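Participant: Input: one structure, supplied below.
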Amino acid sequence: MSDLLGFVLSGLVSGALYALLATGLVLSYSASGLFNFAHGATAYLCALAFYELHSGLGWPAVPTALLLVCGVAPLLGWGLDRLMFRKLARVGETAQIVATIGLLVALPALGLWIVELLQDAGAPVRPAENQFGLPGVGPSPAVSWQPVDGVGVDSDQLITWVVTAVVAVGLWVLMRHTPLGLRLRAAVDNRSLVELRGMSADRLSSVAWMLSSGLAGLAGVLATPLLGLSAHDFTLFLFVSATAAVLGRFASVPLAFAGGLGLGVLQNLVAGYASFAERITGFRTAVPFLILFAGLLVLTRRQRTAGTAAVDAPPVDHLAGRSWRRRWGPWTVAAVLLAVAFYTVTTPFWSGVLAQGLAISLVFVSFTVVTGLGAMVSLAQATFVTGAALVAGLLMSHGWPFAGAAMVGTCAAALLGALAALPALRLGGRSLALATLALAFLADQVLFQTGWLRNGDTGWAIPRPVLGPVDLSDDRAMGVAMVVLVTAVVAALSALRDSPSGRAMLAVRSAPAAAMASGVSVVRTKLTLFTLSAGLAGFGGVMYASYSTRITATDFTAVTGLVWLAVVVAAGVRRPQYAVVAGLVFAVVPHLMADYVTESAHLPVILFGLAGLALANDPDGYCAALPTRLHRRRARITADAPERSTPQGAPTPGAALELRGVRAGYDGAPVLHGVDLAVHRGEILALLGPNGAGKSTTCRVAAGLLAPLSGQVYAAGRDTTREGAVARSRAGVLLAPEGRGIFPSLTIDENLALRLRAKGDRDAVYERFPSLAARRGVTAGSLSGGEQQMLALAPLLQRPPGVLIADEPSLGLAPRVTDEVFRLLVELRDAGTALLLVEEKAAEVLEVADTVAYLAQGRVAWCGPRAEVEADRMTEAYLGIGAGGRTGAQGPDAPGDQGHRPQEVPQS
């Protein structure tokens, strides 16, 4: 019994640290949509700072810890949010993952480099890298107690338990009983709706990142006696804590916290009682990664894909349709010049460096296959490299020729890739990245610890091959051979991309459901991508190992693969030629830095990691940044040329909301072409038109969710064109978005409290709507559609806004509920609110509207009093059917005959 209690208590120590890190991960992910792979790096940075300030400079432990946890760590989170995370939230998920992985690589190296600089300057700092047995916040050495016979507890463990319990209570109070916590939970539910309610989602995101970084800093300080100062161990610690975040579905702080505690205990129990694990090398340390992998497969929900846009859309090929000379001429010339340079201008040293860069380029090109073509982030590429090289080395030790051993090693890597593809059939995005990383850690901890495969710490010799008269032991010959190999691989991948199979892969990347409907097998395509990528990585790994002439099981760990991914994506993962550039940069830059800047090995790592920062501005990488920006600038100049001459007049007197000459669109595609609308206080302006006319776009522009390309938006006579949704909402312009403007995970009372902070105002709402009062503690997502719409409108009735923009308020509602919604809108109008109402139910909306505007093809075709609306005019403008030159409805901006089939006018 004492053994069990001892395992549980010691497991609760690591579990408490897992809980702190997992809670921070959930907080930052919930508020910003970013999974922060650099969370453990923040913890390491704070642990390093605590050690140097406390043990090196002699600062007292508790004040130092408080300074780091309450000051430095939150400031770091705030700065990273302002510099990086806000922009990353608007780019593709691949760039998000890689940018935070870049921080994971850069932050520990930055801390160690600063320690080096201080040491060179004579500061009393201590050697920091891979130090263990360090003092913590409590007494040093730690004080021990034995409350039960055979069970010991020390002061560091006790401090960890107490602090974690206090933090847990504090977080519960913050999230459940404070206005800030309520707003943070609302941002988790619907970030855009938060802004429409006048709350800054960016500020809430900053608060979440500050809290998250503070929790990471606290975990780092408390973990110093347990983990020491090993950046690798902190990275492993982060990914173990990610298991707890998965248990909380990246949304529930209590579940993530409890999951972290349970994970620590389970890990210790397995280590203590799983006797079968003694026969499997590394199994005990691999338990958390098994749980992570299983949790991802079981708990990650399939997402609806039909009818959705691509999450990570491929970039526009600006050279499409150009001649072969224009597309490939510069790259061909560069390859020829590089091959000639090996025998003309390069020294033996630089010949070796360039050959090494070309060898690693083969590995880097494998990322182009799985991530560039497939939009799947694989963090197991280093595993494929190590597996192929170890198998090839094993075979060559038994007398196999290089070509045969390399072929079998490549096939072994491809087989591993097919196994890694299994989670890809169910997962995507960050879940897939974590699953492949879990597999990579499992390979490091278990597979590559097998004695017959790893051959101890010496590994296997992989001599360079001799191809006929060409001996590749000469770096120059090796370099030329690698130029030929890399050129062939790049050409083959480019041909694959332009082939029917490549187009099928791109279709699966962009819209899996549509690809499946077109007869493309999504399962086979993903398996092919992973298998091809893994085989290519394995072949590149054999060639890279042959450059070094030896391979060991620890040469290319899972963390090494993270660095590779950061380097490749920063250069550009969508084109294989960009991956070659990344390989050369990866090989050359460290030597240039050592020769001309500093001999520190940390600075190149910092630069490679921080290259991920650029992905916030250029998600396609720095190689594509210049041509992409030039193309966009030319397209913008061309598109904006006719817009700049559009004259703008003064706002209409007395208009509560006015759009004057508004032109707007998405990603360069225009939708609105000079819309003029004005709605006055106490007036309902009904905006009608066919699907695709631009009605919802008009609402988004009016609410500040979409900035117009030209024109002005006035609120109460004030120019608000450049203001966003938050400022527009605070000025009294509210949008009731299409669907339901509620936060489904919050209760009815919490939904009301976001707009009605005074309890008396909420009580007045409950008196008006008794059905809401009876269920005030029920989550809004469990209400019926009509009840949800009542909940969305109820606070507006209590405190009417100046302007309400209602986009399809009756969508999906029963006729009786629709009548009630329209009665509430009329009540708002009578209270003085100006309403811009978009509706498909033309007959119903005409009963309440004061003014009617018809929108067709992004233009206002007709606008006037409701009394002047005629059935044929509605047919002509609303349904897009031409009537042959009718006065008023037909004009230069009217829709005309667009080939629509005649439809009946909706009848009441």
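The values are calculated or read from the model by the stated rules, or taken from the named source; none is laboratory data. In this text the structure is predicted, and so the values were computed from the model without any measurement. Glycine also receives a Cβ, built like all others from the backbone with ideal geometry; neighbour counts cover every protein chain displayed.
Participant: Of all residues being assigned to a helix (DSSP H, G or I) and charged (D, E, K, R) in the stretch 462-491, which is nearest to Gly409 (Cα to Cα)? Just the residue, please.
Facilitator: Let us first name the residues in the stretch 462-491 that are assigned to a helix (DSSP H, G or I), namely 475-491.
The next check asks that each one be charged (D, E, K, R); those that pass are 475-476.
Details: Asp475: 23, Arg476: 25 Å.
Restricting to residues being assigned to a helix (DSSP H, G or I) and charged (D, E, K, R), the top hit is Asp475.
Participant: Only one residue in Ala625, Ala611, Ala587 is assigned by TED's automatic domain parsing to the domain that holds Gly572, within 20 Å of Ala38 (Cβ to Cβ) and either out of contact with any Pro (no Cβ under 6 Å at 6 or more places or on another chain) or at pLDDT below 80 (or both). Which one? Spell out the reasoning first.
Facilitator: Numbers: Ala625 fails: within 20 Å of Ala38 (Cβ to Cβ); Ala587 fails: within 20 Å of Ala38 (Cβ to Cβ).
The conditions single out Ala611.
Participant: Which residue out of Glu116, Glu93, Glu129 is modelled with pLDDT of 85 or more, under 28 Å from Thr560 (Cβ atoms) and among the charged types (D, E, K, R)? Steps first, answer last, please.
Facilitator: Details: Glu93 fails: modelled with pLDDT of 85 or more; Glu129 fails: modelled with pLDDT of 85 or more.
The match here is Glu116.
Participant: I would also like to ask the following. Please go through (1) assigned to a helix (DSSP H, G or I); (2) over 15 Å from Val580 (Cβ atoms); (3) of a type outside the set (Gly, Ala, Ser) for Val520 and return the number of the only condition it doesn't satisfy.
Facilitator: In the conditions (1) assigned to a helix (DSSP H, G or I); (2) over 15 Å from Val580 (Cβ atoms); (3) of a type outside the set (Gly, Ala, Ser), Val520 misses (1) alone.
Participant: Here are some residues: Gly704, Gly692. Which one is within 31 Å of the chain's Cα centre (by Cα) and more than 20 Å from Ala655 (Cβ to Cβ)?
Facilitator: Values: Gly704 fails: more than 20 Å from Ala655 (Cβ to Cβ).
Result of the check over Gly704, Gly692: Gly692.
Participant: Take the conditions at pLDDT 90 or above and not charged (D, E, K, R) and apply them to Ala424. Does it pass?
Facilitator: Working: at pLDDT 90 or above: no; not charged (D, E, K, R): yes.
It is false that Ala424 is at pLDDT 90 or above and not charged (D, E, K, R).
Participant: Does the stretch 238-252 include one or more residues that are crowded, with 19+ Cβ neighbours inside 10 Å and out of contact with any helix residue (DSSP H, G or I) (no Cβ under 7 Å at 6 or more places or on another chain)?
Facilitator: No, the stretch 238-252 has no match at all.
Participant: Tell me which residues, restricted to the stretch 654-712, are assigned to a loop (DSSP other than H, G, I, E, B) and among the charged types (D, E, K, R). Step through it out loud before you land on a result.
Facilitator: Residues of the stretch 654-712 that are assigned to a loop (DSSP other than H, G, I, E, B), as a first pass: 654, 667-668, 681-683, 689-694, 704-709.
Selection gives Asp667, Arg681, Glu683.
Participant: Answer yes or no as to whether Leu562 is modelled with pLDDT of 85 or more and part of a helix (DSSP H, G or I). Even if it seems obvious, please write down each step before you answer.
Facilitator: Values: modelled with pLDDT of 85 or more: no; part of a helix (DSSP H, G or I): yes.
Considered against the rule, which asks whether it is modelled with pLDDT of 85 or more and part of a helix (DSSP H, G or I), Leu562 comes out as no.
Participant: Another question about this same structure. Within the stretch 189-200, can one find any residue that is modelled with pLDDT of 80 or more, surrounded by fewer than 24 Cβ atoms within 10 Å (Cβ to Cβ), among the acidic types (Asp, Glu) and over 30 Å from Arg126 (Cα atoms)?
Facilitator: Among the residues of the stretch 189-200, not one is modelled with pLDDT of 80 or more, surrounded by fewer than 24 Cβ atoms within 10 Å (Cβ to Cβ), among the acidic types (Asp, Glu) and over 30 Å from Arg126 (Cα atoms), which makes the answer no.
Participant: Here is a list of conditions, (1) within 23 Å of Val240 (Cα to Cα); (2) assigned to a helix (DSSP H, G or I); (3) at pLDDT below 90, and Asn36 meets all of them except one; can you say which number that is?
Facilitator: If we test Asn36 against (1) within 23 Å of Val240 (Cα to Cα); (2) assigned to a helix (DSSP H, G or I); (3) at pLDDT below 90, just (2) comes out false.
Participant: Is at least one residue of the stretch 446-457 of a type in the set (A, V, I, L, M), under 34 Å from the mean Cα position of the chain (by Cα) and in the same structural domain as Val489 (by TED's automatic domain parsing)? Quick ask: steps written out before the conclusion?
Facilitator: To start, the set of residues in the stretch 446-457 that are of a type in the set (A, V, I, L, M) comprises 446-447, 453.
Still in the list and also under 34 Å from the mean Cα position of the chain (by Cα): 446-447.
Next cut, in the same structural domain as Val489 (by TED's automatic domain parsing) only: 446-447.
Within the stretch 446-457 (the criterion being of a type in the set (A, V, I, L, M), under 34 Å from the mean Cα position of the chain (by Cα) and in the same structural domain as Val489 (by TED's automatic domain parsing)), the answer is yes, since at least one residue qualifies.
Participant: Same structure again: Please work out which residue is surrounded by the most Cβ atoms within 10 Å (Cβ to Cβ), limiting yourself to the stretch 49-91 and to residues that are more than 15 Å from Leu110 (Cβ to Cβ) and of a type in the set (D, E, K, R).
Facilitator: For the stretch 49-91, the residue satisfying everything is Asp81.
Participant: Go over the candidates Thr531, Thr525, Thr554 one by one and state the one that is in the same structural domain as Ser366 (by TED's automatic domain parsing), of a type in the set (Ser, Thr, Tyr) and outside any helix (DSSP H, G or I). It would help to see each step written out before you state the result.
Facilitator: Details: Thr531 fails: outside any helix (DSSP H, G or I); Thr525 fails: outside any helix (DSSP H, G or I).
Only one candidate passes the filter, namely Thr554.
Participant: Would you check if Leu238 is over 19 Å from the mean Cα position of the chain (by Cα), modelled with pLDDT of 75 or more and outside any loop (DSSP other than H, G, I, E, B)? Reasoning before the result, please.
Facilitator: On the way: over 19 Å from the mean Cα position of the chain (by Cα): no; modelled with pLDDT of 75 or more: yes; outside any loop (DSSP other than H, G, I, E, B): yes.
The answer is no for Leu238.
Participant: Would you point out which residue out of Gly540, Gly583, Gly572, Gly535 is closer than 19 Å to Gly92 by Cβ and crowded, with 23+ Cβ neighbours inside 10 Å? Give the derivation first.
Facilitator: Details: Gly540 fails: closer than 19 Å to Gly92 by Cβ; Gly583 fails: closer than 19 Å to Gly92 by Cβ; Gly535 fails: closer than 19 Å to Gly92 by Cβ.
Only one candidate qualifies: Gly572.
Participant: Could you tell me which numbered condition Thr100 fails, if it satisfies all but one of (1) more than 29 Å from Val569 (Cβ to Cβ); (2) assigned to a helix (DSSP H, G or I); (3) of a type in the set (Ser, Thr, Tyr)?
Facilitator: (1) is the only condition that Thr100 fails.
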